[in-house]
Amino acid sequence: MKCDHCDKPAVVHEVLIQNGKKIEMHLCAEHATAKGYILPTVPVTQILQQFAAAGKSIKAQKASAKRCEACGLTFAEFRQTGRFGCAGCYDSFMPSVAAIIERAQSGAVSHRGRTPKRIEGQADRAAIRRQLIKEIEAAVAAEQYERAASLQGRLHQLGLVQKPPTEPLP
Amino acid sequence: MNMNPQGETLPNNDSDVVVSVRIRVARNLAGFPFTGRASDTQRQEVLQMVTRAPLGGAFPDGLAWVNMNQASLQERQLLVERHLVSKHFAESALPRALGLGHNEELGVMVNEEDHLRIQSILPGFRLNEAFALARSFDQALEETVDFAFHQRWGYLTACPTNVGSGIRLGAMLHLPALRYSGEIERVKRAAKDLHLAVRGYYGEGTDAIGNFYQVSNQVTLGASEEELLQHFRDEVIPKLVDYERTARQMLLEKNRPLIEDKVYRARATLKVARLLGAEEATKLLSTLRFGIATGLLHNLSVERVEQLLLQVQPAHLAQLDPFAAEEEMGRLSRANLVRRSLGDYTEGSPEI
Ligand SMILES: [Zn+2]
Ligand SMILES: [Zn+2]
């Protein structure tokens, strides 16, 4: 069964009684989360099996042959063990990584905690900014406002938001 | 402070339900593949870097390091029984070490699935202290080594379920009343909805022997360390503690003879048994713990039962009595230890 709001499969099915009328509701994971339903956490292995099941398409086959340049791990190997080989894997296997993490972490899309005093990789801030903005735009287009707000929050937290030019007072 | 009907005081920290708390922080060193993908040379390098890192004022004496590759099977088993290492870590063949500090309240596994698993375990509901202790080591190390960190995903870990803060908060809960009343399955389902993992006595894939359950958060990303702590400390655990206490009250009101029977039989068995297996002893001692918490048993402290619960485990017993390493001798030795500790020991003569 499809979600009431999009074409994704519905995972939440509810029958509500409103004003004496029976209302059926079917929601996909994203729309359910947006409406405040708490979805049970899916174990990582199960998420990975879902990826494996989807592995018949050419696109998916390409994805599983993808290899991390830093450590040589293939996406297929990751799928088997559920463990990344190195820090670089997190970038090498985008965008699958984002989808896997969001599902494993109940919809969280980015870190909001402490940042070490000395962080390496300041150079790729521009790339991260571009990526986050792209995802915010996609989220807004799909009406996933909570997700967009969360991504926006990360952008702010990282100090990646460019201040709008101050308008001259009238 | 909890008072049982006889006016005897129970130790604080909600220890009638909360056996212990554990904070676990996962970290990886920048510039090295994660443990599973690293070469043995790289694993050795990680070991050297961590064990030799200066820790500064918070740890003036550093940590005591145990080379896991030189530890005997019994020693490694002992560490598992103390919950200081995971079974996986105890059985691994990779170059690895365990650092101990603060009277074994702090344990640092090097070359677990992540380069570092910093753990703090404290008896009772002392989550803030455990959090502060684990954090102090994390921070001390971060002064001199770089951890793998990602602008978007935070602290990077081998498994995406630990990414972000890398922090897992856990509590070992004693939930006999929820078990006896058949409500435990409902609680487990509720815990799942709260994104909690509920595991057995020795972690993942183990049984809840003696009705001891390990509860921990499953989400590590998208909330700050303080938010995770606050949620677990102020909402999750108090709620579960409350369920158990309510279930205990209900049982005592409605089924008092049944509970008394369970508790007094357990005490009687422990006092007269001549042969005791580890699992049987754990279950019976768990029932004693329940008896103390509900005010049915006096002249016995939770601490003493906790100590016995540890001592009756195979590796701990073998340390007290080398002959007990063999199973049959172990059963004999365990029964003697328990009788002696519960004060009814007289050599050779049955006292009942
Ligand atoms: Zn939808
Ligand atoms: Zn890699």
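The values are calculated or read from the model by the stated rules, or taken from the named source; none is laboratory data. What you see is a predicted model; the values in this text were computed from it and never measured. All Cβ positions, even for glycine, are placed from backbone atoms using ideal geometry, and neighbour counts span all protein chains on display. Note: accessible area is taken over every heavy atom of the protein model, side chains too, but ligands, DNA and RNA are not part of it. Shrake-Rupley method; radii C 1.70, N 1.55, O 1.52, S 1.80 Å.
Normalised by the number of residues in chain B, the average gap of Cα pairs under 8 Å and 6 or more apart makes the relative contact order 18 percent.
Treating cross-link reach as a plain straight distance, find the aspartates and glutamates whose alpha-carbon is under 15 Å from the alpha-carbon of A:LYS8, omitting any fewer than eight places away in the same chain. A:LYS8 reaches A:GLU30, A:GLU143.
When each of the peptides A:82-89, B:34-41 is scored by the mean number of other C-beta atoms lying within 10 Å of its residues, the order from highest to lowest reads A:82-89, B:34-41. Considering only alpha-carbon pairs that sit under 8 angstrom and 6 or more positions apart, the relative contact order computed for segment B:230-352 is 26 percent. Would you kindly give the portion of the calculated P(r) for chain B that falls above 26 Å, as a percent of all Cα pairs? Within chain B, distances greater than 26 Å cover 53 percent of Cα pairs. Across peptide B:25-33, the average count of Cβ atoms from other chains found within 10 Å of a residue's Cβ is 3.
Rounded to the nearest 10 degrees, the angle from helix B:327-341 to the longest Cα principal axis of chain B is 70 degrees. Counting only DSSP H runs of at least 4 residues, each contributing -39500 (n - 2.57), and dividing by the residue count of chain B, the helix-based mean residue ellipticity at 222 nm comes to -13000 deg cm²/dmol. When the Cα positions of B:VAL272, B:ALA335, B:GLN319 are compared along the charge dipole of segment B:256-342, B:VAL272 comes out farthest toward the positive end, with charges on each C-beta of Lys, Arg, Asp and Glu. Peptide B:186-194 is shielded by partner chain Cβ atoms: per residue, an average of 1 of them sit within 10 Å of its Cβ. Inter-chain Cβ neighbour count for A:86-97, averaged per residue, equals 4 (cutoff 10 Å, partner chain atoms only).
Dividing the Cα convex hull volume of segment B:256-342 by residue count, how many Å³ per residue is that? Could you put the intermediate results ahead of the total?
Numbers: hull volume 6.4 nm³, N = 87.
With only Cα atoms used, segment B:256-342 gives 74 Å³ per residue.
Compactness of segment B:127-285 is given as radius of gyration and Dmax, 19.6, 62 Å, from Cα positions. In this assembly, the A-B interface accounts for approximately 3800 Å² of buried accessible surface in total, computed with a 1.4 Å probe and without ligands, DNA or RNA. Pairs of Lys residues in chain B, spaced 8 or more positions apart or belonging to different chains, with C-alpha separations under 15 angstrom: 6 in total. Placing +1 on the Cβ of every Lys and Arg and -1 on the Cβ of every Asp and Glu, with no other charges, gives chain B a dipole of roughly 700 debye about its Cα centre.
Packing around the peptides B:225-233, B:114-122, taken as the average count of other Cβ atoms within 10 Å per residue, puts them in this order, highest first: B:114-122, B:225-233. Summary of packing: across the peptides A:90-102, B:211-223, the per-residue average of other C-beta atoms within 10 Å ranks them, highest first, as B:211-223, A:90-102.
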